[in-house]
Each structure stands twice: as C-alpha cells, then as structure tokens.
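Here is the structure we will look at, set down as structure tokens.
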Amino acid sequence: MGFLDALPLTVMDWLRGLLGQGLPAWGVELVVGLIKVVLILVVAILPVIVLTWLERKVLARGQDRFGPNLAGPYGLVVAFADAIKILTKEDIIPQAADRQVFRFAPALVLIPTLLVFTVVPMGRGMIAADLNVGILFAVAIGSLAVIAIIAATWSSGNKYSLLSMFRSVAQLVSYELPMAFSVLTVVLVSGGLSTVRIVEAQVIPFALVMPIAAVTYFLASLAEANRSPFDLLLGESEIVAGHNLEYSGMRFAMFYIGEYAHIFVIGALTTTLFLGGYQGPILPGYMWFLIKTMAVVYVVLWIRCTWPRMRIDQLLDFSWKLLVPLNLANLMLVALVFKLAGTGLLGSLLSLVVNVGLLVAVGTFLVRRARSSTSRRTRALVLGEV
Amino acid sequence: MLGRGMLKGLWVTLQHTISSFTSGPRRFPKRYLDGPVPRPEPSTQGMLTLQYPFEKYEMWPRFRGVLVHLRDPETGQSRCTACMACVRACPHGVLTVTGEGKGRERRAKTYTYELGRCIFCRLCVESCRFDAIEMGQEYEFVSTTQDQTLNLEEMLALGDRSGIKHTGEAWGQVE
Ligand code: SF4
Ligand code: SF4
C-alpha cells in the first residue's frame, strides 16, 4: 500500500490518536463514527451537484447542443442556480393529499441511497461498515427506494401518480429477480457476501469473467433507479412525470437529488461487483474507484441520451422472458465451470467462453424463432422489421 | 435485431458527442465565434447552435433593418432634399423632416425617425427619388417606449456601418 493510497487511513488514525488523549474510548468511536457519517453524506451529495451538470452536458453533446454554458465557466455552477430557483418556489400541498405521508415521502427518498454507501468500499480499507452480508444489505436497501415512491404517489391523491406507482411496482418485482441472480453469480465466485471480499476476489474484473451477469446487473439497476430506458414511471408524455407530479419547491428537489444520488449508487455498486472496485495499477485505490464509477455513470447518461423509453409490456417481456432464464442458465453454468476448473485463470477464461457461448446460442435461438414466427410483433421486436 | 439497433444508436450518439468537440465551427476549446459571421452550410457534424447575444450571423442583403441615410461621397452629407415624399408615404407617421434652402440647394435640416412605431414596410424607401434612404442591417433597437428616435447624424452613421452605397442595390434596382 503506497503512501497516497493509505493517506485517508493515516489521517483517520492520527485523528484517533489525537482524540484518544482527551476522550474515553467510546467518545473516540463516537466522534470517528460521526466523521464517517459526514463523509458519506459528502460522498453522496457532492456527485449530485456534479451530475446535474454532467447529465445535461452529456445529453446536449450527444445531440449536438451546448448544454448549460452561462452559469460559471462551462456552466459548472448550474446546480447552484437550480438550487436558488427551487428554494424560492412555493411549496404546494394538494387538497386531496394525505398530508403527513405527503410531507414525509421526500425525506424517505434519500435514505436508502445514503445507506447503500455504508457498504461500498471506496478505497483500500476505506469502508464505513464492512458487513459480512454487505452485498445482501445493498440489494435489500436498494429496493427500499420504491417505498418512498409508493408513499409519494399514494399520498398525492393523483391518478397519474397512481399509474406511475403501478408501473414502478411491476418494474421492481420483475427486475429484482435478474438482479439477484447476477449478484448471486458474483457471490458464488467470490465466496462471500462481504463487499470487500468481493472486490478482493476480482483479480480479473468480473465483468470480463461473466459479462452476462455484469450487463444484467447494470440494466436491472437502471430499472431499479428508474433511469432511461426503464423510466416508465416518469413517462412525461403519458403520465406527466408520474410520482413527483404533485411536488414542488424543496420537496421536489429531494426527489431530484435522490435520482442523481441513485445514479452514483449504480456506478459505485457496479464498480464494486464487476469492475474490480478500488483495484488498479499506479493510482491510489480511491482514484480508481472514482474513475470506474464515473465511467459507469457516463454510460448511464449515454444510454439516457440514446435509447427511447420502453413500453411496459416490452419491459416485462425483457425481464421475464430473457433476463431471468438467461441468468439462471448463466448461474448454473458458471457454478459448474468454477467447480470443475477452479477459481483461477483457467476457470475465469472458461467462464468467459461459456458466457459468450450462451449469449450467441440465445441470440441464434431468438432469431430463428422469430424467423419462423408469424406474429408481427415478435418479428418486429427481434428482427427489427417494420 | 433489436439489440443491434440499440448498439448502433449508442454508436451514433457517441460519434456526435466526439464530433461536437472536434469538428464544426465551435471546436474545443473555442466557445464563441467572433463578430457577425456568414451563415454556415447545413451540416450534421459539430454544433451549429447560434449563441445569440454573443454570436451573430450576417443578415442577408435584402434584410429590412432600421432605416438608414446614405452618404453622398461628394458632399459627405445625406442626399435628402426634404421633399417629404417619405413622410407622406409612411403609413405610421414615423418620420418627421424639416428642410432649409431653396431649389437645388434644399437640404434636410432635421430628420427624425421614431423607431418604436416603424413597421419596416420600406414604403418610405420606395417613395424616395433622391437615393437618400435605405433599410439597413441593424436590428437590435428594442425600446421600452414608443418615442425612441434616431436623428440624421445617427442614421448616417448607421448607413456607413451597413456598407450600402445606393438605394435598391440588393433589389437589382441600380444600373
Ligand atoms: S419602413 Fe414603413 S413604417 Fe417604417 S418609416 Fe418607412 S414607411 Fe414608415
Ligand atoms: S428621404 Fe427621400 S423622400 Fe424622404 S424627404 Fe428625404 S429626399 Fe424626400
């Protein structure tokens, strides 16, 4: 571990020593715990400021536009301009709303997202709580975000919001499964649920060992975060932005912040599970973590800028008819490969071959079925015929 | 296949992301064009957004901007003879002219142009027989009141800036 790599830990130890001179042991732990909490808040909120800017810029550049470029150099402080605008807005509560739940829901949005950060290793030894069921915790807490959406939609007393809730629940139920399967594959190979253990197990990043699981996890977490192309519950054109329809001012801003924090969580978890986390040559661990996370975040924004929103039936078809069977097969095959060939280089290589083979087989099967199918819809979906 | 189409879409947006930095008139790190520039050819590469208050395109020759006076190169003055034809032609009573001198010596003393009421119909220009006025290229004269005016000197200066020599040049009415 190099000097730079360990710098945050050294600072923390030095702080512990300093506090230990004046405080009892429990006091030191309390202060250190509080510092960790503040750090996690910073790590979760700071990206939001950057991401609001980045999303607009990436979207704009992909569409040959400028994006924000007047507020500060290259429009960098546009998030603050947004904040000022949103803070001065009137806070409206509809008459039909369930007032208490309506007020409480926006606060609930951020909590799951923040909690996930406690089990994400952001550098060597830089993890708030190394739970031995870390990844299980992350998956469980991650799906809690839908509670906030249900609370918000149900309490707004608005039919469009209600439709948004139906969609969001259907989506969550169908994407939790492929996500769990892909995480299971990772757990199987790394031999533990702890996030640190999973990162340490990735001598070769798991994205290269089992691409199917990696892509599935990424797509499923897009669905969970309600990002495009699975942002059905936000469908501006049909249900007028769905769950946050009745919210205004600061309460709306909470949904906004929650959405962007969730993008960063997607990046962080995908990095941890499939891209080798903080591991990498030369640069310190936390830098690698940041670089990989931002790369994933860029892909999320890039997809937003390209793909149209899926229909609800396409969305469910995609999950139940493709992702779930594919991942089930992948899980079994990968388990077999690693049992027979060990978790070394040979196993990894074989696993990659099996993954690619599986993809090719499924692709060929789908195309064949579609060719012989008389259903116009199937042909259009698989073969791209109009 | 569905998947192929989606990947192709990603490739297209990636290309546009890159080309917005590398090609077109606003290559990185250049943010603004300098001065009014000719309109570029339509293109799919690079960004063509006009960032208006900072960037301007040149107007086309027949653009009807603010009314300007044309300078007579011999006398250095306007060729206006205060014949009042434009005043009579103007449907909105925008123009007020006073003259001095008699016969061939008659020249405009004052010429007042009420910007806020002009509808840029060019009837004044068409009625003028003395090659004295023309619609210029300027268009940023928004006023909050109806009585913002330009006088003879200001209109002559604008005429110099527009580079127009004779009335009706752009319409092919000058031999
Ligand atoms: S352009 Fe039309 S409205 Fe304007 S001054 Fe000339 S005649 Fe009057
Ligand atoms: S501008 Fe032309 S029409 Fe108007 S008063 Fe002068 S000479 Fe006559």
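The values are calculated or read from the model by the stated rules, or taken from the named source; none is laboratory data. Just so it is clear, the model here is predicted, and its values are computed rather than measured. Reconstructed Cβ throughout: ideal geometry from the backbone, glycine too, with neighbour counts over all protein chains shown.
For the range B:136-175, what are the residues that are closer than 17 Å to B:Thr96 by Cα and hydrophobic (A, V, I, L, M, F, W, C)? Working first, answer last.
Of the range B:136-175, the ones closer than 17 Å to B:Thr96 by Cα are B:146-156.
B:Leu150, B:Leu152, B:Met155, B:Leu156 - these are the residues of the range B:136-175 that are closer than 17 Å to B:Thr96 by Cα and hydrophobic (A, V, I, L, M, F, W, C).
For the range B:61-71, enumerate the residues that are modelled with pLDDT of 85 or more and either away from ligand 1 (no atom under 16 Å from the Cβ) or not in a strand (DSSP E or B) (or both).
Start the filter on the range B:61-71 by keeping residues that are modelled with pLDDT of 85 or more, which leaves B:62-71.
Of everything in the range B:61-71, those that are modelled with pLDDT of 85 or more and either away from ligand 1 (no atom under 16 Å from the Cβ) or not in a strand (DSSP E or B) (or both) turn out to be B:Arg62, B:Phe63, B:Arg64, B:Gly65, B:Val66, B:Leu70, B:Arg71.
Against the condition within 14 Å of chain B (Cβ to nearest Cβ), within 25 Å of A:Val265 (Cβ to Cβ), in a helix (DSSP H, G or I) and not hydroxyl-bearing (Ser, Thr, Tyr), how does A:Leu331 come out, does it pass? Before you say what the answer is, go through the steps one by one.
Values: within 14 Å of chain B (Cβ to nearest Cβ): no; within 25 Å of A:Val265 (Cβ to Cβ): yes; in a helix (DSSP H, G or I): yes; not hydroxyl-bearing (Ser, Thr, Tyr): yes.
So A:Leu331 fails the test.
Does B:Val37 qualify as being within 16 Å of ligand 2 (Cβ to nearest atom) and either more than 14 Å from every other protein chain (Cβ to nearest Cβ) or in contact (Cβ under 8 Å) with a residue 40 or more places away in the chain (or both)? Even if it seems obvious, please write down each step before you answer.
Values: within 16 Å of ligand 2 (Cβ to nearest atom): no; either more than 14 Å from every other protein chain (Cβ to nearest Cβ) or in contact (Cβ under 8 Å) with a residue 40 or more places away in the chain (or both): yes.
Here the answer is no, as B:Val37 does not meet what is asked.
Given the residues A:Leu328, A:Leu340, which is the only one that is over 22 Å from the mean Cα position of the chain (by Cα) and of a type outside the set (S, T, N, Q)? Write out each step before concluding.
Working: A:Leu328 fails: over 22 Å from the mean Cα position of the chain (by Cα).
None of the others qualify; the one that does is A:Leu340.
Is it fair to say A:Val38 is modelled with pLDDT of 80 or more, of a type in the set (Val, Ile, Thr) and loosely packed, with under 13 Cβ neighbours inside 10 Å? Please lay out each step first, then the result.
Working: modelled with pLDDT of 80 or more: yes; of a type in the set (Val, Ile, Thr): yes; loosely packed, with under 13 Cβ neighbours inside 10 Å: yes.
For A:Val38, the condition - modelled with pLDDT of 80 or more, of a type in the set (Val, Ile, Thr) and loosely packed, with under 13 Cβ neighbours inside 10 Å - is met.
Taking the range B:72-99 as the region of interest, how many residues are among the polar types (S, T, N, Q) and within 13 Å of ligand 1 (Cβ to nearest atom)?
Going through the range B:72-99, the residues among the polar types (S, T, N, Q) turn out to be B:75, B:77-78, B:81, B:96, B:98.
Narrowing the set further to residues that are within 13 Å of ligand 1 (Cβ to nearest atom) leaves B:96.
Number of matching residues: 1.
Would you point out the residue of the range B:104-125, among those that are over 15 Å from the mean Cα position of the chain (by Cα) and modelled with pLDDT under 85, that is farthest from ligand 2 (Cβ to nearest atom)?
Among residues in the range B:104-125 that are over 15 Å from the mean Cα position of the chain (by Cα) and modelled with pLDDT under 85, the one farthest from ligand 2 (Cβ to nearest atom) is B:Gly116.
Check B:Gly99, B:Gly46, B:Gly5, B:Gly24 and return the single one that is in contact with a helix residue (DSSP H, G or I) (Cβ under 7 Å, 6 or more places away or on another chain) and either within 14 Å of chain A (Cβ to nearest Cβ) or in a strand (DSSP E or B) (or both). It would help to see each step written out before you state the result.
On the way: B:Gly99 fails: in contact with a helix residue (DSSP H, G or I) (Cβ under 7 Å, 6 or more places away or on another chain); B:Gly5 fails: in contact with a helix residue (DSSP H, G or I) (Cβ under 7 Å, 6 or more places away or on another chain); B:Gly24 fails: in contact with a helix residue (DSSP H, G or I) (Cβ under 7 Å, 6 or more places away or on another chain).
None of the other options fit; the residue is B:Gly46.
Working only within the range B:126-154, note down all residues that are in contact with a Gly (Cβ under 6 Å, 6 or more places away or on another chain) and more than 16 Å from ligand 2 (Cβ to nearest atom).
B:Gln137, B:Glu138, B:Tyr139, B:Ser143, B:Gln146, B:Gln148
I'm checking my understanding of the structure. Among residues of the range B:54-100 that are within 9 Å of ligand 2 (Cβ to nearest atom) and among the basic types (Lys, Arg), which one is farthest from B:Glu153 (Cα to Cα)?
The extreme case among them is B:Arg88.
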